[in-house]
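The values are calculated or read from the model by the stated rules, or taken from the named source; none is laboratory data. Since the model is a prediction, treat every value here as computed from it, not as a measurement. Don't worry about glycine lacking a Cβ; one is built from the backbone with ideal geometry, like all the others, and counts go over all protein chains shown.
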């Protein structure tokens with residue numbers, strides 16, 4: 001806290017340098033935390049988005065939402081099974097990826 005002196009200038013008390021050090025320390029720690037967040041989360045996400053940006057929207061959505069294995073399975077079904085054929089989609093209770101995404105399989109395979 002500052003207190004006025006006899007000639008009108010402000011004097012710095014002993015507590016104020018500690019406050020400045022604490023503010024500086026908090027600023028440095030916040031900066032380090034932001035750097036870790038950018039390096040650990042934002043940069044990999046930006047790289048993934050740049051990688052899939054040129055893909056068709058159907059492929060991009062499937063890859064980002066459910067992964068490459070799911071898209072490879074759906075792409076195989078779309079290109080291998082004839083349009084007039086019936087595609088049996090297992091129930092979502094089947095716990096074998098990528099076969100447990102019934103609604104999305106229907107959505108992605110129907111567009112063929």
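Just one of the listed residues (72, 33) is modelled with pLDDT of 85 or more and assigned by TED's automatic domain parsing to the domain that holds residue 88, and it is 72. Scoring residue 11 on the criteria (1) part of a helix (DSSP H, G or I); (2) at pLDDT below 85 leaves a single failure, condition (1). Whether any residue in the range 43-52 is at negative phi, in contact with a helix residue (DSSP H, G or I) (Cβ under 8 Å, 6 or more places away or on another chain) and at pLDDT below 85 is what I want to check. Taking every residue of the range 43-52 in turn, at least one turns out to be at negative phi, in contact with a helix residue (DSSP H, G or I) (Cβ under 8 Å, 6 or more places away or on another chain) and at pLDDT below 85.
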